[in-house]
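Notes follow the structure.
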Amino acid sequence: MINNPRDALFKEDYFHPGHPLCPGCPGGMALRWIMKVLGRDSIANVGATCLCLPTHVYPHSLEIPSLYIAMAPSPAGISGMSAAIRILKRKGVIPAEKRITVFAISGDGSTADIGMAALSGAAERNDDGLYFCFDNEAYMNTGIQRSSTTPQFSWTFSTTKGKVQRKKDLPKIMAAHDIPYVATLSVAYPEDFVRKVEKARDMGPGFKYFQIHGPCPTGWRFPEHKTVEVARLAVETGFWSLYEVVHGSFNITYRPRKRLPVVDYVKLQGRFQGLTAQDIRTLQNWVDEKEEGPGS
Amino acid sequence: MSEWKQVGPDAQKRYTYQELPIGDASIGMPSERRKTGLWRYLRPRFVRRFSPCSEACPAGNDVEGFLAFAQQGRYGEALDTLLGESPLPGVCGRVCFHPCESACNRGAFDEAVSIQGLERFVADGEPTSLPVPGPSRKEKVAIIGSGPAGLTCAYHLRRLGYEVTVFEKQAVLGGMLRLGIPTYRLPRSVLDREIDRILSLGVKVETGCRVGHDIPWEHLLTWDAVFLAAGAHAALSLGIPGDSAQEVISGTAWLEAVNLGRPVSVGSRVGIIGGGNTAVDCARAALRLGSNPVIVYRRTRNEMPAMEAEIEEALQEGIEIQWLTSPIAVRRRNGKLVGLECIRNRLCKPEPGGRARPEPIDGTEFVMEIDTVISAVGETVEEAYLPPGLKGEQEGAVWVDSWGRTSLPGLWAGGDVATDPRMVVHAIGAGKRAALSIHASFTGEDLVELGRRLRTGAKGAFSIDRYLNDDLPGVELVNEVVGPDHLNLHYAEPLERAALPRLDADQRVRDFSEVNLGCDEQRARAEAQRCFRCGECRGCGNCYVFCPDGSVLFDPSAHEFRIDYEYCKGCGVCGNECPTGAIVMTAEGEV
Ligand SMILES: Cc1cc2nc3c(=O)[nH]c(=O)nc-3n(C[C@H](O)[C@H](O)[C@H](O)COP(=O)(O)OP(=O)(O)OC[C@H]3O[C@@H](n4cnc5c(N)ncnc54)[C@H](O)[C@@H]3O)c2cc1C
Ligand SMILES: Cc1ncc(C[n+]2csc(CCOP(=O)(O)OP(=O)(O)O)c2C)c(N)n1
Ligand code: SF4
Ligand code: SF4
């Protein structure tokens with residue numbers, strides 16, 4: 001007996017099975033949901049990251065047209081494609097009323113490090129499209145190296161004693177660009193995820209930025225059936241927060257019933273195995289400040 | 001128009017939508033796909049496992065099953081489900097000690113589901129279809145006693161097609177349900193309705209016929225099978241000086257008189273000795289007849305065998321209970337009972353496996369002024385009426401094996417007369433157990449094998465409905481009980497348990513009208529929503545939503561989910577996110 005309220009998620013898939021992502025990959029969940037919302041009339045730009053494998057390596061799994069783009073310029077892909085569509089509409093090649101959604105998706109390394117200039121440029125020009133940063137908190141496709149969004153103390157192959165710096169707060173940087181929409185997403189909260197992507201899809205032209213918190217079983221060293229559980233604990237502990245910034249106004253979209261201690265999140269993951277009690281306290285303080293401090 | 005480069009060697013279509021490869025003329029998909037199912041070493045399977053509530057119900061009710069219907073407001077089908085296992089849901093919905101609720105997984109989250117309240121609500125409605133007699137079989141079965149054990153056995157034997165005759169020494173049917181339990185706990189309209197439903201299956205009854213007295217045992221031994229369900233009605237004596245006085249009444253005999261509407265006398269201050277249901281019911285009935293009762297019990301409230309709710313209700317009604325007190329003699333003056341001499345106890349450490357033993361404290365003797373004594377210290381089996389040569393156990397109970405067989409061939413026993421715990425729901429379970437066991441003795445089916453197939457968990461409950469209607473659920477049934485650790489409680493919302501209304505204490509002591517009022521549809525519906533539906537797919541769709549490989553398929557016509565093993569990589573996310581424990585992961589190759 002199935003009586004389902006989740007209409008938004010029970011839609012046709014344009015991202016198909018048979019792809020080479022790791023078992024339990026949060027990217028598979030995210031891409032399926034994005035495609036369910038954006039539908040067939042959309043064009044993708046996928047940076048040279050984990051997600052280019054299912055989308056561009058033969059036999060590919062993405063049914064829509066897609067551009068395999070280098071790491072740095074994936075935001076520029078949005079700029080170029082939306083300009084092309086605008087011109088073709090003006091020339092009457094594409095009917096003016098036809099809605100075509102352009103989006104780009106790329107890893108956190110591409111977005112927060114290598115593609116930061118292109119991203120900031122596209123946002124500042126307010127080019128029309130949706131940008132998804134798939135934040136698995138390291139360069140995963142090349143074998144787990146730190147990025148600027150890797151959290152403090154996390155092990156990677158390039159931070160074998162734990163990363164010294166804190167996680168870069170990219171969504172806030174993007175909000176400072178005065179774009180129409182910025183939102184954080186988590187693969188543990190599909191309703192919240194889908195609602196935000198729908199909202200961006202239905203907004204007027206402009207640059208919309210999303211950051212998907214995506215726990216990577218391979219890189220974070222946890223069993224692959226726990227992807228959603230780890231994602232959920234990130235939110236329930238306040239390590240990752242779900243909010244949106246609509247035309248500059250900040251709005252929390254999910255508040256944990258009772259915020260859990262950060263250790264509940266950390267203890268599930270091998271990448272945090274070497275943490276001392278002091279390290280965990282430091283992380284807890286970081287979360288507390290983020291959640292309760294000024295500007296939160 | 002420019003030529004577009006093909007995407008992949010097998011891209012079937014060129015882009016024809018003007019120039020852009022979108023919309024109706026998408027780029028298409030390659031005709032081959034990677035068979036990622038080959039990566040899998042753990043296989044997710046949709047199964048149906050048992051809920052702890054169903055396992056804990058001695059009558060074998062499909063608790064989760066009836067609650068699933070109740071959640072959707074399909075109360076008729078909910079009642080059909082209950083009637084598949086027990087003919088007395090309206091009775092159990094009122095007087096059962098509800099071990100199901102103690103086992104409910106929701107207890108580990110907030111509070112157990114009010115299963116008994118919902119059983120009552122559902123049982124007070126109408127079923128969508130009535131149980132029917134099975135295709136008629138030649139064997140005849142005699143049942144001695146029309147209490148819950150006998151009635152249940154008769155009901156299921158009729159569903160199995162046997163000719164059944166119930167012999168009852170009383171003029172009325174129901175056993176302790178009618179003779180013992182007072183109407184303020186079990187209105188007779190409820191009992192009559194359920195007994196009528198049983199009789200309508202074509203059960204023959206011989207009332208006023210005491211086997212071993214009105215007809216001899218030898219007469220019954222010519223039947224193909226006999227089920228002995230005569231209960232335990234002989235009162236144990238107090239064993240103190242003066243207890244044979246006329247004013248010392250047996251609790252069960254007194255309740256029987258009250259319940260059958262015979263004239264009874266009870267003094268103005270009655271002392272009731274004992275701590276079980278009989279004692280508490282005597283006190284509450286005496287109160288309603290205008291007396292001032294006091295219960296004398298040798299241990300503390302915690303050790304009282306009476307049901308907790310009953311003790312609580314008695315205290316609300318203002319009944320006095322003297323705990324840690326034992327009677328030592330009945331005092332008389334001028335041939336009249338004037339008091340009960342008592343002594344205070346302290347509790348000693350319990351012996352292993354036993355209850356705490358009361359020990360009298362010297363010098364604490366006192367006299368309680370009373371004019372009537374009701375003795376309710378326990379009942380035993382009337383051995384005089386049992387067939388000779390029957391193996392017994394302590395307190396005269398008849399020995400039975402795990403399928404209700406006695407030491408004599410062709411004779412089964414169950415309920416209070418046998419070694420079963422003395423509760424209505426155990427008597428119902430014993431009646432069902434005997435029905436299946438008697439049936440198997442005729443068909444030659446192997447009981448061990450039947451037990452394995454029909455059992456619900458490991459506490460002795462089994463389903464006769466699964467035997468009678470072998471249209472098993474579409475998914476594989478796995479005999480495992482789902483505990484709190486199998487559930488994903490993140491998906492549970494805290495919801496307050498519905499309080500079940502009662503009559504006000506001062507109003508209820510005026511007469512014998514029902515104390516517990518039951519709940520209305522709205523409250524029942526809300527309470528049913530609290531059930532997690534442990535062990536069964538409740539259709540939340542988490543598996544479909546979260547599968548990173550799009551390998552959980554939803555079939556809207558069959559209204560069910562299916563796993564596409566060609567592509568499923570066996571990550572187990574679906575199993576982890578299943579709120580009810582209906583997906584299990586098994587090593588590839590094991591199944
Ligand atoms: C006052 C009281 C309150 C109780 N309250 C509860 C409660 O709230 N919840 C609960 O779960 N349990 C309660 N119990 C216990 C429960 O009633 C019994 O466990 C249950 O009724 C046993 O069912 P049975 O079919 O084995 O026997 P019984 O109900 O005792 O039925 C046996 C029947 O056999 C008949 N019989 C006996 N000998 C012969 C014979 N030789 N020939 C023909 N017929 C014969 C008797 O007349 C009787 O009708 C209570 C018991 C009492 C006394
Ligand atoms: C300019 C450039 N430098 C290096 C690489 C090699 N490279 C391919 S994938 C990858 C890692 C990408 O990491 P991230 O952007 O975080 O995405 P993820 O793989 O973690 O999803 C790198 C460094 C490249 N493709 N292009
Ligand atoms: S939540 Fe429902 S299925 Fe689970 S134990 Fe409680 S009543 Fe039974
Ligand atoms: S979530 Fe999908 S891939 Fe993973 S085990 Fe379940 S069906 Fe297989």
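So here's what we get for this one:
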read-out	value
Integer Hz, Karplus 6.51/-1.76/1.60 couplings in order for segment B:30-44, x for Gly and Pro	x, 7, 9, 9, 5, 8, 5, x, 5, 6, 6, 10, 10, 10, x
Cα gyration tensor shape for segment A:33-76, rounded if a/c is under 1.5, else prolate or oblate	oblate
Shielding score for B:546-559, defined as the mean number of other chain Cβ atoms within 10 Å	6
Counted charge near B:PHE462, where neighbours are those whose Cβ lies closer than 13 Å (Asp, Glu -1; Lys, Arg +1)	+2
Fraction of the pair-distance distribution of chain B above 35 Å, Cα-Cα pairs, percent	49
Test item: B:103-111 mean partner chain Cβ contacts at 10 Å	0
Placed amide H near A:THR101: partners under 5 Å, 5+ positions off or other chain	A:SER42, A:ILE43
Quarter of the Cα convex hull surface for segment B:236-377, i.e. its orientation-mean projected area (nm²)	8.9
Cα gyration tensor shape for segment B:410-564, rounded if a/c is under 1.5, else prolate or oblate	oblate
Per residue accessible area in Å² of segment A:5-291, where ligands, DNA and RNA are left out and the probe is 1.4 Å	36
Violating pairs (Cα-Cα greater than 32 angstrom) within the set A:LYS36/B:LYS569; A:LYS89/A:LYS172; A:LYS89/B:LYS569; A:LYS98/B:LYS35; A:LYS167/A:LYS226; B:LYS391/B:LYS432	A:LYS89/A:LYS172; A:LYS89/B:LYS569; A:LYS98/B:LYS35
Volume of the Cα convex hull of segment B:476-591, divided per residue and given in Å³	171
For segment A:1-91: rounded, prolate or oblate by the Cα gyration tensor [a/c cutoff 1.5]	oblate
Karplus (6.51, -1.76, 1.60) ³J(HN,Hα), θ = phi - 60°, over segment B:461-469, in Hz, Gly and Pro reported as x	6, 8, 10, 8, 5, 5, 7, 6, 10
Per-residue mean of C-beta atoms belonging to partner chains within 10 Å, peptide B:565-573	6
Residue of A:ALA183, A:ALA44, A:ALA96 that the Gaussian network model of chain A assigns the largest fluctuation, springs spanning Cα pairs under 10 Å	A:ALA96
Options B:GLY267, B:LEU220, B:GLY318, ranked by Cα towards positive dipole end of the protein assembly as shown, top entry (Cβ charges)	B:GLY318
Two-decimal Rg/Rh across chain A, once Rg and the Kirkwood Rh are taken from alpha-carbon atoms	0.96
Relative packing of peptides B:137-148, B:457-468 - highest average C-beta neighbours within 10 Å first	B:137-148, B:457-468
Value of D in µm² per second that Stokes-Einstein yields for segment B:84-159, Kirkwood Rh from Cα pairs, at 37 °C (0.692 mPa s)	224
Electrostatic dipole magnitude of chain B [Cβ: Lys, Arg +1; Asp, Glu -1; Cα centre; debye, to 20]	360
Amide H partners (placed H, <5 Å) of B:LEU477, local residues excluded	B:ARG48
Positive-pole candidate from A:ALA176, B:ALA376, B:ALA492, dipole of the protein assembly as shown, charges at beta carbon	A:ALA176
Helical segments meeting 20 Å axial Cα length and Kyte-Doolittle 0.5 threshold in chain B (DSSP H)	B:424-443
Electrostatic dipole magnitude of the protein assembly as shown [Cβ: Lys, Arg +1; Asp, Glu -1; Cα centre; debye, to 20]	2020
Peptide ranges B:425-437, B:283-295 listed from the most packed, as the mean C-beta count within 10 angstrom indicates	B:425-437, B:283-295
Kirkwood-Stokes translational diffusion coefficient of segment A:100-142, alpha-carbon pairs, 25 °C, 0.890 mPa s, µm²/s	224
Convex hull (Cα only) mean projected area of segment A:89-227, reported in nm² to one decimal	9.9
Whole-number Å³ per residue for the convex hull built on Cα positions in the protein assembly as shown	213
Relative compactness, segment B:226-312, computed as alpha-carbon Rg over 2.2 N^0.38 Å	1.15
Dipole axis of the protein assembly as shown (+1 Lys, Arg; -1 Asp, Glu on Cβ), positive-most option in B:VAL398, B:VAL338, B:ILE249	B:VAL398
Accessible area buried, both sides summed, chains A and B with 1.4 Å probe, Å²	4600
Fraction of accessible area attributable to carbon and sulfur, segment A:5-291 (%, probe 1.4 Å)	56
Net charge dipole size for chain A [Lys, Arg +1 and Asp, Glu -1 on Cβ; Debye, nearest 20]	60
Using θ = phi - 60° and Karplus 6.51 cos²θ - 1.76 cosθ + 1.60, couplings along segment B:353-369 (whole Hz; Gly, Pro as x)	x, x, 8, 4, 8, x, 10, x, 9, 4, x, 9, 4, 8, 10, 9, 7
Built amide H within the under 5 Å cut-off of B:ARG357, gap 5+	B:CYS348, B:GLU351
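The values are calculated or read from the model by the stated rules, or taken from the named source; none is laboratory data. Bear in mind the structure is a predicted one, so any value in this text is a computation, not a measurement. Positions of Cβ are generated from backbone atoms using ideal geometry, with glycine treated the same way; all protein chains shown enter the neighbour counts. Surface accessibility is based on the protein's heavy atoms, side chains included, excluding ligands, DNA and RNA. Shrake-Rupley method; radii C 1.70, N 1.55, O 1.52, S 1.80 Å.
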